[in-house]
Amino acid sequence: MSNPFSLEGKVALVTGGNGGIGKAIALGFKEAGAVVVAAGRSQEKNQAMADELGEGHAVLELDIRDEAAVDAAVAGLVETHEHLDIVVNNAGIARRGTVLESPTANWTDLLDTHLNGAFYCARAAARPMSASGRGGKIINIGSMYSFFGPPNAAAYATAKTGMVGLTRALAVEWAEYNIQVNAICPGWHTTDLNRPLLAVIGEDIALKTPARRLGTTHDLAGAAVFLAAPASDFITGQCLTVDGGYSVQDRRWDEGQG
């Protein structure tokens, strides 16, 4: 029996793949044997990621908020590699602030980047995946705020909750094409995006986490490889929470039992 966790022969697109969670997933895919195309907006980060991925892989500059650019990028990728098997919708931004005080642009920027961008990328990828008969894997990156109500981050929570709804709807609609659509919902993982916040609340978060530590981006790579690999071919419409138990703990672990 072939290795059910191998990505040999697969072509994977990872948005926001030039840093943080996306970078860790892209490198995990590379290690599992996939040809990786990482996408991001920063030229500097893209170049650094291209150097790290090395020969046989690629990094492209892409703003996923631009529907036409997404369609062109996916079409070009399929023309180059002949097929596209895996898409990870990871690109995202953060904007904090109360609803009463934040500008409307914060709301639209978050939804455009997280939710609309994921929709554009998933749809663009599903076209060749369905037409080829090969099927494929689409992995959306949600959040613990897909389930919890955070303070000062209503737009982020709305976008990430929408990612889970989008995952379920696409999983049902595209199952006939052998396309599995799932989500990963990370807990508190240290990234450049949230490092300033975790400097303030990180100790309390670790005390609320049964694993007794914060996550790292590498903790998410294995979950992504699993959902991208043949091992998960009968799993679709699901959200895999990777949080060290944070979402199921009702108290700090140093507060005792009972």
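The values are calculated or read from the model by the stated rules, or taken from the named source; none is laboratory data. Source: prediction; values computed, not measured. Don't worry about glycine lacking a Cβ; one is built from the backbone with ideal geometry, like all the others, and counts go over all protein chains shown. In case anyone asks, the SASA skips ligands and DNA or RNA and just uses the protein heavy atoms, side chains included. Shrake-Rupley method; radii C 1.70, N 1.55, O 1.52, S 1.80 Å.
Could you say whether any residue in the range 96-112 is among the acidic types (Asp, Glu), under 16 Å from Ile138 (Cβ atoms) and touching a residue at least 24 places away in the same chain (Cβ under 8 Å)? No, the range 96-112 contains no residue that is among the acidic types (Asp, Glu), under 16 Å from Ile138 (Cβ atoms) and touching a residue at least 24 places away in the same chain (Cβ under 8 Å).
Residue pairs whose Cβ atoms lie under 6 Å apart, sitting 6 or more positions apart in sequence or on different chains, and linking a residue in the range 32-58 that is closer than 19 Å to Ala91 by Cα to a partner that is assigned to a loop (DSSP other than H, G, I, E, B) and open to solvent by 40 Å² or more (accessible area, probe 1.4 Å), are Val36/His57; Arg41/Asp63.
Can we say Arg213 is open to solvent by 60 Å² or more (accessible area, probe 1.4 Å) and either touching an Asp or Glu at 6+ places or on another chain (Cβ under 9 Å) or of a type in the set (Ser, Thr, Tyr) (or both)?
no
Which one is modelled with the lowest pLDDT, of the residues in the range 160-203 that are under 14 Å from Phe147 (Cα atoms) and touching an Asp or Glu at 6+ places or on another chain (Cβ under 9 Å)? Across the range 160-203, the extreme among qualifying residues is Trp188.
Taking the range 1-73 and the strands (runs of 3 or more DSSP E) fully enclosed by it, the elements with 3 or more residues that are farther than 19 Å from Ile179 by Cβ and under 19 Å from the mean Cα position of the chain (by Cα) are at 35-40, 58-61.
Residue by residue, here is whether (1) touching a residue at least 12 places away in the same chain (Cβ under 8 Å); (2) surrounded by fewer than 17 Cβ atoms within 10 Å (Cβ to Cβ); (3) touching a Cys at 6+ places or on another chain (Cβ under 6 Å); (4) over 27 Å from Asp85 (Cα atoms) holds:
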{"site": "Ala159", "(1), (2), (3), (4)": "yes, no, no, no"}
{"site": "Trp174", "(1), (2), (3), (4)": "yes, no, no, no"}
{"site": "Gly187", "(1), (2), (3), (4)": "yes, no, no, no"}
{"site": "Leu193", "(1), (2), (3), (4)": "yes, yes, no, yes"}
{"site": "Pro196", "(1), (2), (3), (4)": "no, yes, no, yes"}
{"site": "Ile201", "(1), (2), (3), (4)": "no, yes, no, yes"}
{"site": "His218", "(1), (2), (3), (4)": "yes, yes, no, no"}
{"site": "Phe226", "(1), (2), (3), (4)": "yes, no, no, no"}
{"site": "Gly244", "(1), (2), (3), (4)": "yes, no, no, yes"}
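Taking the criterion of being touching a helix residue (DSSP H, G or I) at 6+ places or on another chain (Cβ under 7 Å) and part of a loop (DSSP other than H, G, I, E, B), the residues of the range 74-108 that qualify are His83, Leu84, Asn90, Ala91, Gly92, Ile93, Ala94, Arg95, Gly97, Val99.
Filter the range 77-111 down to the residues that are closer than 16 Å to Gly40 by Cβ and not β-branched (Val, Ile, Thr) and list them by number. Leu77, Asn89, Asn90, Ala91, Gly92, Ala94 - these are the residues of the range 77-111 that are closer than 16 Å to Gly40 by Cβ and not β-branched (Val, Ile, Thr).
For the range 79-138, give me each residue that is in contact with a strand residue (DSSP E or B) (Cβ under 8 Å, 6 or more places away or on another chain), open to solvent by less than 30 Å² (accessible area, probe 1.4 Å) and of a type in the set (Gly, Ala, Ser). Ala91, Gly117, Ala118, Ala122, Ala125, Ala126, Gly135, Gly136, listed by residue number.
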